[in-house]
1. Calculate, for the range 1-131, the solvent-accessible area per residue in square angstrom, rolling a 1.4 angstrom probe over the heavy atoms of the protein chains.
2. Which chymotrypsin sites (Phe, Trp or Tyr not before Pro) in the range 1-110 sit in a loop by DSSP (not H, G, I, E or B) and have at most 16 other Cβ atoms within 10 Å of their own Cβ?
3. Note down the nm distance, to one decimal, between modelled labels 7 Å out along Cα→Cβ at Leu71 and at Asp206.
4. Quick one: order Asp32, Asp69 from most to least accessible surface, probe 1.4 Å.
5. Could you give the angle, 0 to 90 degrees to the nearest 10, between helix 159-170's Cα long axis and the longest principal axis of the Cα atoms of the chain?
6. Would you mind listing how long the range 43-194 runs along its three principal axes, going by Cα atoms, in whole Å with the largest first?
7. On a 1.4 Å probe surface of the protein chains, which of Leu10, Leu120 comes out largest in accessible area, and what is the full order?
8. Just from its helices, what would the mean residue ellipticity at 222 nm be for the chain, if runs of 4 or more DSSP H residues each count -39500 (n - 2.57) and the sum is divided by every residue, rounded to the nearest 500 deg cm²/dmol?
Amino acid sequence: MVWIYSIVVLCATTIGAIAGLGGGVIIKPCFDMLGYHDAATIGVYSSIAVFTMCIVSIIKQLRHGSRFDVLTVVMISLGSILGGFAGESVFNLVNQQFSSQGTVKGIQAILLAVTLVCILIYTLNKSKIKTYRVKNKAVITLLGFVLGVISVFLGIGGGPMNIALLTIFFSFDMKECVVYSIATIFFSQISKLSQVYIANQFTAYDMSPILFICVASVIGGYLGTWLNNRLDNRQVEKVYIATMACLLLLSCFNVYRGFFG
């Protein structure tokens, strides 16, 4: 089980660092499909993997000379932290309402599938959709809040939503979106892990795979960022679209398994 998790995390964080997805959007449905742990434990594993990958990716991006507007990142990240707390609270509420872990995973899979469909439709038609350059701090913070709620509740890190909304509201190209997305994901996961730590819940989870997950995340973050710096915008977008399509199929399978499996 540990080695399977490590391989999934390595692949997920590599792709996540290339396309700004964070990796959680891949880790969560894959771990759900494997079925070794419950939704809460998988959420913690995913957050730790994504958080570790983000640290590596941010350091490597900065060393490569990537630049971003600090104020925009701060405002989005502030909203993401607050949204992360709200998302974790909503998840805990849902988790308490249903005795079946299959139902909880099924609900998350449905919402993820709907999200991915919307993102794919937007991505394939974005040339026809008007984009903006938002400067209002309150709107930027609200955007971060929404991203934080969705990413933490679904346990995905928020990458796909980040890319789509950053493109629409800030008119960033694909590679700019990746840098901002990774930074935003980093802060949203701080709120998730902080809540688990404050509630002293780490002891309630099986932490035996964590070392392997962290090592795989470091390698994936480094490799993915290295590849991102060598690909152009179009190539990064192709990786992004292909990943979204595969994840949509996987989410549909998890919906079926959650409610009927």
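1. With all protein chains present, the range 1-131 gives 42 Å² per residue.
2. Within the range 1-110, the qualifying chymotrypsin sites (Phe, Trp or Tyr not before Pro) (loop, at most 16 other Cβ atoms within 10 Å) are Tyr36, Phe68, Phe98.
3. Simple spin-label model gives 4.9 nm for this pair.
4. Asp69, Asp32
5. Around 30 degrees separate the two axes.
6. Projected onto its principal axes, the Cα set of the range 43-194 covers 47, 35, 27 Å.
7. Leu10, Leu120
8. My calculation for the chain gives -27500 deg cm²/dmol from helical runs alone.
The values are calculated or read from the model by the stated rules, or taken from the named source; none is laboratory data. Everything numeric in this text was worked out from a predicted model, so none of it was measured. For neighbour counting, all protein chains shown are included, and Cβ atoms are generated from backbone atoms with ideal geometry for every residue, glycine included. With ligands, DNA and RNA removed, areas are computed over all heavy atoms of the protein, side chains included. Shrake-Rupley method; radii C 1.70, N 1.55, O 1.52, S 1.80 Å.
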